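See below for the structure under consideration.
The values are calculated or read from the model by the stated rules, or taken from the named source; none is laboratory data. Since the structure is predicted, the reported quantities are computational estimates derived from the model, not experimental observations. Glycine also receives a Cβ, built like all others from the backbone with ideal geometry; neighbour counts cover every protein chain displayed. With ligands, DNA and RNA removed, areas are computed over all heavy atoms of the protein, side chains included. Shrake-Rupley method; radii C 1.70, N 1.55, O 1.52, S 1.80 Å.
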Amino acid sequence: VPERAPAYYALLHEWMLGGGSSAFGLRYLSVLLAAATIAAFIAVTRSLLGRSPAILAGASAAVSPFLIYYGQEVREYQLLLLLALLEIWLLAALVRRAVFGWRWVVYVATLALSAYVHYYALFLFPALLMAPLFLSASRAIFWRNALALACSGALFLPWFLPRLTTLATYRLFTAGNL
């Protein structure tokens, strides 16, 4: 589907080779992603707030109508949420450690992958850019993070640039032209 980012559908294609194309087989991927998302909620909350809030976050995520609904859909939203949580967790770890190395490469790869999963992942980028300022990080961490976001954006450009012409065909709906 050219209007959609390709990563989830490539993953789903590979999943179908092993898990089949039945409704159960297709939805099972989302179920596994939902379980991993609950674990990611716990990990992110524990790294930022501690153990007790992490338990509460995990329990809340497990009964969340959003996660339950999208945990049964054959769509990319569950993977998008999982990757967003992974990005937050990685950035929090990078801010605390303040080292340059392989963790930054994993962070860039996760950012780029999330953009290839769904275009809405790009809306998280400004928040991730500003996060080191609120996590009391040094300026060096802020600039490394900005460079990581720019690199991930550059990795996404080969897919995105040819689709700009598609964006031009969409007409904005406003009260003035309905």
Can you tell me which of 28-37, 73-82 comes out highest on packing, and rank the rest after it, using the mean Cβ neighbours within 10 Å?
73-82, 28-37
State the extension gain, in nm to one decimal, for the chain segment bounded by residue 69 and residue 129, taking 0.36 nm per residue of separation less the distance between their alpha-carbons.
18.6 nm
With a 1.4 Å probe and all protein chains left in place, how much accessible area per residue does the range 17-137 have, in Å²?
54 Å²
Need the C-alpha centroid separation for the range 83-150 versus the range 40-60, integer Å.
19 Å
Quantify, in whole percent, the carbon and sulfur part of the accessible surface of the range 23-178 (1.4 Å probe; protein heavy atoms only).
73 percent
At 222 nm, what helix-only mean residue ellipticity would the chain give, in deg cm²/dmol to the nearest 500, using -39500 (n - 2.57) for each DSSP H run of four or more?
-24500 deg cm²/dmol
